[in-house]
Amino acid sequence: MLDPSGANRDIRLLFSARIIRLFCYGFLSVVLALYMVQLGLTEKLVGLIFSLTLAGDAVISLWLTTSADRFGRRRTLIVGGFLMMGAGIVFILTRNPYILAIAAIIGVISPSGNEIGPFLSVEQASLTVLVPDRQRTRLFVWYALAGSLATATGALAGGWLAQGLQGIGFSALAAYKVLLGGYALGGLVLIGLFLFVSAQVEVTRVEKSSQELFLGLHRSRSVVLRLSGLFALDAFGGALIVQSLLAYWFHVRFGVDPGVLGSIFFGANILAGFSALFAARIAERFGLIRTMVFTHVPSNILLILVPLMPSLPLAIAVLLARFSISQMDVPTRQSYTMAVVAPDERSAASGVTTIARSVGAAISPSLAGLML
């Protein structure tokens, strides 16, 4: 039986971890491609490492999330914190592309500013057991909003901090390393937060099934695999424009400085976060699946128009319009996945669908690097 006060504390801890993590992702994503170019890597190699990052995330996260309900959700989250901290440290210490690629594959580092690693899947499964089903979608809306606002604030802070440090005499490379230090510190803070999460987030009853487990799934295997295919296709397209490469494109195409880049993506992620607020109301009226589908089409049309804009203000305006509706499908997608699986499959189901997105996205940055 849930202890309401304990459940509320766990929700606050998980939301705090989400905010700190997404702040760090946004903080680094604006300058990550710029940093790697400063190290002497070519655009093709940067794109390839980003692809390897997403591919490695798919493998590591699949392993962690499909065993989290049995290994322990809190333990899995703590492991993720160590992987995030380790990746940041290695990126500071070396410019060897092979070591950077290994750190990106094994560790947790986000080129997009979006979720990466096992955190999202395990946190969603944990939050689901802490609230009644009728409150799940609304909780996921606020969870998505908190992440978007944190990413936005991180992008703003990272961009202007990098530019400010250069303004007082730091080289570009040294300024970017300061941001990587902050990223590694964020991983350490996550470890501390997860240590205080209670056992209420763990699976208390394992459902019996005559079917053998496959990727931690039993009765929901079929629907999860079908959803995974759809999510992978969507992610393939989205990962052609991960935030780090999009920031780099603005820098190359219009000569935008890091501080202004941070401001652009601050506004973009703020709008994305608030777009999620409307998802719960739309879903209540039209259903989860319709909300997922019919908010996605205009968002992608606007994204297609961004590189066709002849000036920086127009390109920014279309990008912001796109972000203003871009996140409406996210909490509904997450809530639907949690609704259609058994309690002891939730970490695995969220993990498999999330990893499918990572797999779908894995090749895209390398293609984008070639096109750049």
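Laid out as a table, the results:
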item: Candidates S126, S326, S311: whichever shows maximal mean-square fluctuation once the chain is modelled as a Gaussian network with Cα springs under 10 Å; result: S311
item: Cβ charges +1 (Lys, Arg) and -1 (Asp, Glu), total dipole of the chain, debye; result: 340
item: Fluctuation leader among A317, A157, A349 - the chain, Gaussian network, Cα springs under 10 angstrom; result: A317
item: Angstrom value of the Kirkwood radius, inverse mean 1/r, which spans all Cα pairs in the stretch 38-184; result: 16.9
item: 1.4 Å probe accessible area per residue over the stretch 1-116, in Å²; result: 40
item: Whole-percent carbon and sulfur share, accessible surface of the chain, 1.4 Å; result: 68
item: Estimated 222 nm signal from helices in the chain, with DSSP H stretches of n ≥ 4 weighted -39500 (n - 2.57), rounded to 500; result: -26000 deg cm²/dmol
item: Å³ per residue enclosed by the Cα convex hull of the chain; result: 119
item: Shape call, the stretch 174-322: gyration tensor on alpha carbons, a/c limit 1.5; result: oblate
item: Interatomic Cα distance distribution for the stretch 243-372, bins of 10 angstrom, percent; result: 11, 33, 35, 17, 4, 0
item: With at most 14 neighbouring Cβ atoms within 10 Å, loop GluC sites (Glu not before Pro) (DSSP) excluded, longest segment of the chain; result: 1-206
item: Shape call, the stretch 11-71: gyration tensor on alpha carbons, a/c limit 1.5; result: oblate
item: Dipole magnitude of the stretch 215-372 about its Cα centre (Cβ charges: Lys, Arg +1; Asp, Glu -1), debye to nearest 20; result: 320
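The values are calculated or read from the model by the stated rules, or taken from the named source; none is laboratory data. Given the structure is predicted, the values throughout are model-derived calculations rather than measurements. Cβ atoms come from the backbone with ideal geometry, glycine included; neighbour counts cover every protein chain shown. Ligands, DNA and RNA are stripped out before the accessible areas are found, and what is left, the full protein with its side chains, is counted by its heavy atoms. Shrake-Rupley method; radii C 1.70, N 1.55, O 1.52, S 1.80 Å.
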